[in-house]
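A.B. asks: Following this message is one structure expressed as structure tokens.
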């Protein structure tokens, strides 16, 4: 008993080390805007990205920027990334709602997977839409969203990110989840001309790619 108490005392006295903390790239939290922020919430450099999950340019940016923005700047704790989803079409709404429902623990992985597999699931969505995209009379919103998610392969991506089937069903069953996604999208309307667009420490930056954005981030203090 004395040994157990001694071990407990040692454990309680030991400080949290970097090895036991979640990497910044896998850390997310809800922002006041209703979107998720990935990385150190106290980062000096705060980047907001306005994205659409059905936007090919957004997927290109995600791929081009990842080795530096994600693996270095966010990983170092110097930079945070807030993801605000614009909704361009119904599959975009389904994807963004699933990403929101994935929660802080899974959102970074879900976000990455949606872009990494965009070519695949967008093609699947087009094929499905042409064959079975119409909703029979009496289909509810939650039923239709689940049908589109299954048909496009978005359900499989959500499961690959770690969501359970029950969590996916619950996501679409609650109208508040869809309403929250649409609220963020509505707040973007009229603010940007297209996606991706960015805000760097409060300054709006549009019509730019990673090659042009990287030096701006470094000038702001991203490492």
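We did not get these values from a lab; they are worked out from the coordinates using the rules stated. Computed from a predicted structure; not experimentally measured. Backbone-built Cβ (ideal geometry, glycine too); neighbour counts: all protein chains shown.
A.B. asks: Of the residues 156, 166, 95, which exhibits the maximal mean-square fluctuation in a Gaussian network model of the chain defined by a 10 Å Cα contact cut-off?
C.D. replies: 166
A.B. asks: Highest first, please rank the peptides 70-76, 109-115 by the mean number of other Cβ atoms sitting within 10 Å of their residues.
C.D. replies: 109-115, 70-76
A.B. asks: Take 198, 107 and order them by how many other Cβ atoms sit within 10 Å, fewest up front.
C.D. replies: On the way: 198 21, 107 24.
Fewest-to-most ranking of 198, 107: 198, 107.
A.B. asks: Taking 0.36 nm per residue of separation and subtracting the Cα-Cα distance, what length does fully extending residue 90 through residue 207 add?
C.D. replies: Numbers: separation 117, 0.36 × 117 = 42.12 nm, distance 2.45 nm.
Length gained between residue 90 and residue 207: 39.7 nm.
A.B. asks: While we're on this one: Just subtract the alpha-carbon distance of residue 129 and residue 183 from 0.36 nm times their residue separation and send over the number in nm, one decimal. Walk me through the numbers on the way to the answer.
C.D. replies: Working: separation 54, 0.36 × 54 = 19.44 nm, distance 2.55 nm.
Extra length available between residue 129 and residue 183 comes to 16.9 nm.
A.B. asks: Can you sort 82, 206, 212 by how many other beta carbons sit within 10 Å, fewest first?
C.D. replies: Going from least to most buried by this count: 212, 206, 82.
A.B. asks: Now for a different question. Please tell me the relative contact order of the chain in percent, rounded to the nearest whole number, where contacts are Cα pairs under 8 Å and at least six residues apart.
C.D. replies: 27 percent.
A.B. asks: Something else about it: Please find, in a Gaussian network model of the chain (springs between Cα atoms separated by less than 10 Å), the residue of 78, 52, 86 whose mean-square fluctuation is greatest.
C.D. replies: 78
A.B. asks: To continue, here is another question. Divide by every residue of the chain the summed helix terms, -39500 (n - 2.57) for each DSSP H run of at least 4, and state the resulting mean residue ellipticity at 222 nm, rounded to the nearest 500 deg cm²/dmol.
C.D. replies: Helices in the chain give a 222 nm mean residue ellipticity of -16000 deg cm²/dmol.
A.B. asks: Under a GNM of the chain (C-alpha, springs under 10 Å), which listed residue has the highest mean-square fluctuation: 130, 120, 143?
C.D. replies: Comparing 130, 120, 143 in the GNM, the peak value goes to 130.
A.B. asks: Over what distance in Å are the Cα centres of the stretch 177-196 and the stretch 38-74 separated?
C.D. replies: The distance from the Cα centre of the stretch 177-196 to that of the stretch 38-74 comes to 17 Å.
A.B. asks: By how many degrees, between 0 and 90 and to the nearest 10, does the Cα long axis of helix 103-116 differ from the longest principal axis of the chain?
C.D. replies: Computed tilt is about 60 degrees.
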